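Q: To start, I am sharing the structure in question, which I have written as structure tokens.
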Amino acid sequence: MWAFIHKLGSPKWFYGISARLSPWFWAAAVVLILVGSAWGLAFAPADYQQGNSFRIIYVHVPAAFLAQSIFVSMAVAGFIFMVWKIKIADMAAAMMAPLGAAMTFVALFSGAVWGVPTWGTWWMWDARLTSMLILLFLYFGVIALRGAFTSRDSASRAASVLAMVGVINIPIIKYSVDWWYTLHQPATFSVTSRPAMPLEMWAPLLIMVLGFYCFFIAVTLMRTRSEILRREASKRWVRELAEEVS
Amino acid sequence: MAFDSLSAFLAMGGHGVYVWAAWGVTGLLLVGVVIHARAERRALLRDLRRRARRAQYHGASGAAAPPISHQEGRARES
């Protein structure tokens, strides 16, 4: 077990294994997102109340899922880095933050656009909306904090701590719709009950969610490999690799 | 198929502006993320090769070259 973790923590080993895994995640992401988009946009039936504006759900929900999952992943990576000093975890966390911020923005933007025809307003200081906005600022905080130090180790530790502290916002986002039920509707999916939508509506949503997760994994693997090239630039295997893949 | 024609599909029953704005921004961001990740990887590989050539020219092992800063672009000239 420990040997495996040490191997996983080795940048060289990680570089190799992620290079082999990432094409599969790219392929899965492209196929799932294309199928989910076509199904969700053109084939799923219109909602009996919202008409076709409900099709925004197929980008809104996957983006919101990712926005939160990426922050949790970042906090877990930060914890691994702080406790076991595994550099790969910190590299991955650094590469996740901008994608998380982008996904939070997509969730907020698509939600605002959806709100206009559905709620009659693009914004309200509803608990879910506000806690998502805080999540966006937490992402900005993590990114800015990492850039604010000249020493890489200080930057990594500060960003890890902020991610670990900021993760408290995630359960607040999750339960905000139950604790303060003001505007945003409760969760669409739950583990314990069947979705309140017909299959032809939730199947494309599930496909999109899976596609977005594959996209996140593929991008993170690719960018973490780039980060290895950046940080381990003086290592012999990195220099040899740069010559090979020209 | 939930629509009779292409124009009905684009109109989204009067909600076209909202649906396409949300989908458009999402799509642009996803594509932008991929383009950025690719450009980043290319630039880093190019940088590594340039450093290797410089090290060869100076007859050094190259190991003494300064690491690429985590603050991209800023401390590059060192």
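Q: Which residue, of A:144, A:163, is within 13 Å of chain B (Cβ to nearest Cβ) and farther than 28 Å from residue B:18 by Cβ?
A: A:144
Q: Sticking with this structure for a sec: Which condition does residue A:82 not pass, out of (1) within 12 Å of chain B (Cβ to nearest Cβ); (2) farther than 25 Å from residue A:132 by Cα, if it passes all the others?
A: For residue A:82, the exception is condition (1).
Q: Let me ask something else about it. Can you tell which of A:105, A:109 is open to solvent by 70 Å² or more (accessible area, probe 1.4 Å) and at pLDDT 95 or above?
A: When all the criteria are applied, what remains is A:105.
Q: Filter the stretch B:1-52 down to residues that are more than 7 Å from chain A (Cβ to nearest Cβ) and not in a helix (DSSP H, G or I) and give me whichever is farthest from the chain's Cα centre (by Cα).
A: B:4
Q: Cβ-Cβ below 7 Å, separation at least six or inter-chain, first residue in the stretch A:13-30 and closer than 18 Å to residue A:244 by Cβ, second at pLDDT below 90 and open to solvent by 30 Å² or more (accessible area, probe 1.4 Å): which pairs?
A: Pairs that qualify, where the first residue is closer than 18 Å to residue A:244 by Cβ and the partner is at pLDDT below 90 and open to solvent by 30 Å² or more (accessible area, probe 1.4 Å), are A:13/A:7; A:14/A:8.
Q: I'd like to check something: does the stretch A:48-60 contain any residue that is surrounded by fewer than 18 Cβ atoms within 10 Å (Cβ to Cβ) and within 10 Å of chain B (Cβ to nearest Cβ)? Quick ask: steps written out before the conclusion?
A: Looking only at the stretch A:48-60, we keep the residues that are surrounded by fewer than 18 Cβ atoms within 10 Å (Cβ to Cβ), and these are A:48-51.
With within 10 Å of chain B (Cβ to nearest Cβ) added as a condition, the list becomes A:50-51.
Yes, the conditions are met somewhere in the stretch A:48-60.
Listed here are the residues, each with its yes/no results for (1) out of contact with any Ser or Thr (no Cβ under 8 Å at 6 or more places or on another chain); (2) over 28 Å from residue A:79 (Cα atoms); (3) surrounded by fewer than 24 Cβ atoms within 10 Å (Cβ to Cβ).
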{"site": "A:96", "(1), (2), (3)": "no, no, no"}
{"site": "A:118", "(1), (2), (3)": "no, yes, yes"}
{"site": "A:121", "(1), (2), (3)": "yes, yes, yes"}
{"site": "A:129", "(1), (2), (3)": "yes, no, yes"}
{"site": "A:135", "(1), (2), (3)": "no, no, no"}
{"site": "A:139", "(1), (2), (3)": "no, no, no"}
{"site": "A:144", "(1), (2), (3)": "yes, no, yes"}
{"site": "A:147", "(1), (2), (3)": "yes, no, yes"}
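Okay, residues lined up against (1) within 14 Å of chain B (Cβ to nearest Cβ); (2) open to solvent by 20 Å² or more (accessible area, probe 1.4 Å):
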| position | (1), (2) |
| --- | --- |
| A:3 | no, yes |
| A:10 | no, yes |
| A:14 | no, yes |
| A:22 | yes, no |
| A:26 | yes, yes |
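Q: Still on this structure, please answer the following. How about the stretch A:174-188: which of its residues are open to solvent by less than 50 Å² (accessible area, probe 1.4 Å) and either at pLDDT 90 or above or not β-branched (Val, Ile, Thr) (or both)?
A: Answer for the stretch A:174-188, where residues must be open to solvent by less than 50 Å² (accessible area, probe 1.4 Å) and either at pLDDT 90 or above or not β-branched (Val, Ile, Thr) (or both): A:176, A:183, A:184.
Q: On to the next question. Of all residues in the stretch A:194-241 being charged (D, E, K, R), within 30 Å of residue B:50 (Cβ to Cβ) and more than 8 Å from chain B (Cβ to nearest Cβ), which is surrounded by the fewest Cβ atoms within 10 Å (Cβ to Cβ)? Step through it out loud before you land on a result.
A: Step one: filter the stretch A:194-241 for residues charged (D, E, K, R), giving A:194, A:200, A:223, A:225, A:227, A:230-232, A:235-236, A:239-240.
Still in the running and within 30 Å of residue B:50 (Cβ to Cβ): A:223, A:225, A:227, A:230-232, A:235-236, A:239-240.
From the residues that got through so far, the ones that are more than 8 Å from chain B (Cβ to nearest Cβ) too are A:227, A:232, A:235, A:240.
Values: A:227: 23, A:232: 20, A:235: 16, A:240: 11.
Checked the stretch A:194-241; the qualifying residue surrounded by the fewest Cβ atoms within 10 Å (Cβ to Cβ) is A:240.
Q: Only residues that are of a type outside the set (Phe, Trp, Tyr) and either touching a strand residue (DSSP E or B) at 6+ places or on another chain (Cβ under 7 Å) or assigned to a loop (DSSP other than H, G, I, E, B) (or both): list them for the stretch A:136-183, please.
A: Initial filter on the stretch A:136-183 (of a type outside the set (Phe, Trp, Tyr)): A:136, A:138, A:141-148, A:150-174, A:176-178, A:182-183.
If the condition is that a residue be of a type outside the set (Phe, Trp, Tyr) and either touching a strand residue (DSSP E or B) at 6+ places or on another chain (Cβ under 7 Å) or assigned to a loop (DSSP other than H, G, I, E, B) (or both), then A:148, A:150, A:151, A:167, A:168, A:182, A:183 are the ones that fit.
The values are calculated or read from the model by the stated rules, or taken from the named source; none is laboratory data. No experiment lies behind these values; they were computed from the predicted model shown. Glycine gets a Cβ as well: all are built from the backbone with ideal geometry, and neighbour counts include every protein chain shown. For the accessible areas, the whole protein counts, side chains as well, though only heavy atoms, and no ligand, DNA or RNA atoms are used. Shrake-Rupley method; radii C 1.70, N 1.55, O 1.52, S 1.80 Å.
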